[in-house]
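Down below is the structure, laid out as structure tokens.
Bear in mind that the values in this text are calculations on the coordinates, not laboratory data. The model shown is predicted, which means the values in this text are computed figures rather than measured ones. No Cβ is skipped: glycine too gets one built from the backbone with ideal geometry, and neighbour counts run over all protein chains shown.
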Amino acid sequence: MSDWDFLYEMKDRGYSPEEIADAAGSGAAPWEWNHISREWIDSQFEDEPQDHAYSVESGESFQSRDGFPFSVLEQA
């Protein structure tokens, strides 16, 4: 049995294609999430810097590789 057989099992259980795609992205079936500890997940990010929208300086201009602004506010 491979690591991805749970995707076929999800199809057999009647999960939607979107739910199966989400499970493929996370690598875990929905019934396995009860066994994954929230504390363990949080501990994996303890040493990582905080990353939120307010950490960006408001005067900075962000543009894509093609030169288009990322923000609607930048387009005005």
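Residue exposure proxy: Tyr15, Tyr8, ordered by other Cβ atoms within 10 angstrom of their Cβ from fewest to most, comes out as Tyr8, Tyr15. Spacing of the modelled spin labels on Gln44 and Ala24, each 7 Å from Cα toward Cβ, amounts to 2.0 nm.
Computed extension length for Trp33-Asp5: 8.4 nm, one decimal, from 0.36 nm per residue of separation with the Cα-Cα distance subtracted.
Each peptide in 33-45, 17-29 receives the mean, over its residues, of other Cβ atoms within 10 Å, and ordering these scores from highest gives 17-29, 33-45.
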